[in-house]
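Structure record follows, encoded as structure tokens.
The values are calculated or read from the model by the stated rules, or taken from the named source; none is laboratory data. Note that this is a predicted model, so its numbers are computed, not measured. Cβ: placed from backbone, ideal geometry, glycine included. Neighbour counts: every protein chain shown. Ligands, DNA and RNA are stripped out before the accessible areas are found, and what is left, the full protein with its side chains, is counted by its heavy atoms. Shrake-Rupley method; radii C 1.70, N 1.55, O 1.52, S 1.80 Å.
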Amino acid sequence: MTEGTETAWPDADIEQLDDDEQGQLYEHFRVEVDRGQAPVRVDKFLFEKLQHSSRNRIQKAADAGFVHVGGRPVKSNYKVRPGEVVTLMLDRPHYDTTIEPEDIPLDVVYEDDDLMVVNKPAGLVVHPGCGNFSGTLVNAVAWHLRNLPTYDPNDPQVGLVHRIDKDTSGLLVVAKTPEAKTALGAQFYNKTSRRSYNALVWGNMTADSGTIEGNIGRDPKDRLRMTVFPPGSDTGKPAVTHWRVLERLGYVTFVECILETGRTHQIRAHMRHIGHPLFGDERYGGTEILRGERTGSYRQFVLNGLKLCPRQALHARTLGFAHPRTGRQMDFTSPLPADMEQLVERWRRYISGRKDAAEGND
């Protein structure tokens with residue numbers, strides 16, 4: 001379910017290597033093309049995959065012979081096809097991304113010989129990547145399973161089956177065996193797993209429930225942010241989010257989001273797309289005061305809420321799947337973490353106080 005390790009581009013400009021200069025190349029990024037991928041130029045394909053890179057930079061890399069498909073260099077106009085393996089090969093070693101066990105607290109919700117379910121706190125990076133090569137959930141899992149001889153944290157055939165963002169809290173499943181990861185990965189791919197999130201979003205949702213559909217891909221204006229493209233677009237990947245209102249709190253709404261697909265920043269991008277960014281989501285505009293009153297007291301109330309929950313108010317609350325060996329349905333629920341619970345309660349008290357004041361003036 002993952003696409004390889006994010007690469008950090010070298011500072012120096014990429015230069016064309018002559019045939020007699022072609023020395024050892026080092027793999028910096030690898031991804032297998034999805035089974036449902038339509039033929040697309042390799043530079044456009046990698047632009048969607050590489051977070052810290054421009055399309056022009058990728059084209060230069062291809063022209064220099066650093067972009068490979070099936071082990072052979074290709075030009076930027078090469079069209080990738082399902083099942084092909086695309087690699088970025090540079091003439092300098094990659095940062096050592098070997099996963100080492102680290103004694104980091106781990107909240108294990110369930111564990112057996114095949115898998116474990118963990119409850120990730122907000123602020124913990126899930127997997128080593130650019131700028132975060134240690135101190136991650138994967139390092140914590142490696143420590144927890146350090147005495148299990150069959151578990152190698154550097155083997156992609158075991159480990160995390162899916163991911164959530166650093167500042168999102170909630171449930172994740174880890175496969176201890178290749179067989180478990182294959183079976184669980186198939187459930188996520190075939191959309192038979194069950195996942196729901198709780199979120200606090202800006203604005204009063206006009207309907208009680210709804211569905212958001214739209215391809216999700218990297219925002220060409222901000223490489224660290226995803227954006228939504230029309231369904232059926234050649235850009236991005238299809239994404240579907242179902243939502244329903246749990247509680248209306250005046251200028252914000254507490255909602256449940258159910259994922260039909262699992263794209264990067266899916267809920268964050270989809271909710272912003274329909275005009276309801278997540279409260280506290282700085283990257284998607286959620287730290288602005290988007291609804292409410294033009295008073296100093298209200299502004300201070302919102303700022304205090306942002307300090308109380310200094311992240312996007314998003315929690316992976318439930319996770320369900322069929323056990324990879326027994327086939328038994330397994331469902332897990334994680335309570336709201338303290339920061340979100342306190343944030344929602346503050347909004348309840350604020351709105352209740354406004355209603356009481358209005359009734360007292362009648």
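Give the range 194-217 a look and list any residue that's open to solvent by 20 Å² or more (accessible area, probe 1.4 Å) and either out of contact with any His (no Cβ under 8 Å at 6 or more places or on another chain) or of a type in the set (D, E, K, R) (or both), or say none.
Within the range 194-217, 194, 195, 204, 206, 207, 208, 213 qualify.
Here is a list of conditions, (1) on the phi > 0 side of the Ramachandran plot; (2) touching a residue at least 60 places away in the same chain (Cβ under 8 Å), and residue 344 meets all of them except one; can you say which number that is?
With (1) on the phi > 0 side of the Ramachandran plot; (2) touching a residue at least 60 places away in the same chain (Cβ under 8 Å) applied to residue 344, the lone miss is (1).
Search the range 156-174 for residues that are closer than 18 Å to residue 261 by Cβ and pair each with any residue that is in a strand (DSSP E or B) and among the small types (Gly, Ala, Ser) when their beta-carbon atoms are under 9 Å apart and the residues are at least 6 apart or on different chains.
160/175; 161/175; 164/170; 164/316; 168/316; 170/316; 171/316; 172/316
Taking residue 188 as meeting all but one of (1) under 16 Å from residue 319 (Cβ atoms); (2) hydrophobic (A, V, I, L, M, F, W, C); (3) modelled with pLDDT of 95 or more, write down the number of the exception.
Condition not satisfied by residue 188: (3).
How about the range 161-187: which of its residues are in contact with a Pro (Cβ under 8 Å, 6 or more places away or on another chain) and closer than 25 Å to residue 198 by Cβ?
Listed by number, the residues that qualify are 169, 184.
Does residue 290 meet the test of being more than 19 Å from the chain's Cα centre (by Cα), open to solvent by 30 Å² or more (accessible area, probe 1.4 Å) and either aromatic (Phe, Trp, Tyr) or more than 30 Å from residue 39 (Cβ to Cβ) (or both)?
In short, yes.
Every residue, every condition in (1) touching a strand residue (DSSP E or B) at 6+ places or on another chain (Cβ under 8 Å); (2) under 25 Å from residue 32 (Cβ atoms); (3) of a type in the set (Phe, Trp, Tyr); (4) modelled with pLDDT of 95 or more, yes or no:
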residue	(1), (2), (3), (4)
109	yes, no, no, yes
112	no, no, no, yes
126	yes, yes, no, no
137	yes, yes, no, yes
143	no, no, yes, yes
154	no, yes, no, no
157	no, yes, no, no
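With the requirement that a residue be open to solvent by 10 Å² or more (accessible area, probe 1.4 Å), in contact with an Asp or Glu (Cβ under 8 Å, 6 or more places away or on another chain) and not polar (S, T, N, Q), what does the range 166-177 give you?
Residue satisfying the conditions is 176 alone.
Could you please tell me which pairs satisfy a Cβ distance under 6 Å, a separation of 6+ or placement on different chains, a first residue in the range 222-235 that is under 12 Å from residue 268 (Cβ atoms), and a second residue that is at pLDDT 95 or above and open to solvent by 40 Å² or more (accessible area, probe 1.4 Å)?
That search, which allows pairs on different chains as well, returns 225/283; 228/273.
Tell me which strands (runs of 3 or more DSSP E) are completely within the range 41-126 and hold 3 or more residues being under 30 Å from residue 332 (Cα atoms) and either open to solvent by 40 Å² or more (accessible area, probe 1.4 Å) or of a type in the set (S, T, N, Q) (or both), or say none if there are none.
Strands (runs of 3 or more DSSP E) meeting the threshold: 108-111.
If I filter the range 311-339 down to residues being in a loop (DSSP other than H, G, I, E, B) and among the basic types (Lys, Arg), which single residue comes out as farthest from residue 116 (Cα to Cα)?
So, considering only residues that are in a loop (DSSP other than H, G, I, E, B) and among the basic types (Lys, Arg), the one farthest from residue 116 (Cα to Cα) is 311.
Which residue out of 145, 246 is touching an Asp or Glu at 6+ places or on another chain (Cβ under 9 Å) and touching a residue at least 24 places away in the same chain (Cβ under 8 Å)?
Just one listed residue meets the conditions, 246.
For the range 24-40, give me each residue that is out of contact with any Phe, Trp or Tyr (no Cβ under 9 Å at 6 or more places or on another chain) and either surrounded by 19 or more Cβ atoms within 10 Å (Cβ to Cβ) or among the polar types (S, T, N, Q) (or both).
Residues satisfying the conditions are 24, 29.
Between residues in the range 67-79 that are under 11 Å from residue 46 (Cα atoms) and of a type in the set (Ser, Thr, Tyr) and residues that are in a strand (DSSP E or B) and open to solvent by less than 60 Å² (accessible area, probe 1.4 Å), which pairs lie under 8 Å by C-beta distance while being six or more apart or on different chains?
Here the result reads 76/67, each pair linking the range 67-79 to a residue that is in a strand (DSSP E or B) and open to solvent by less than 60 Å² (accessible area, probe 1.4 Å).
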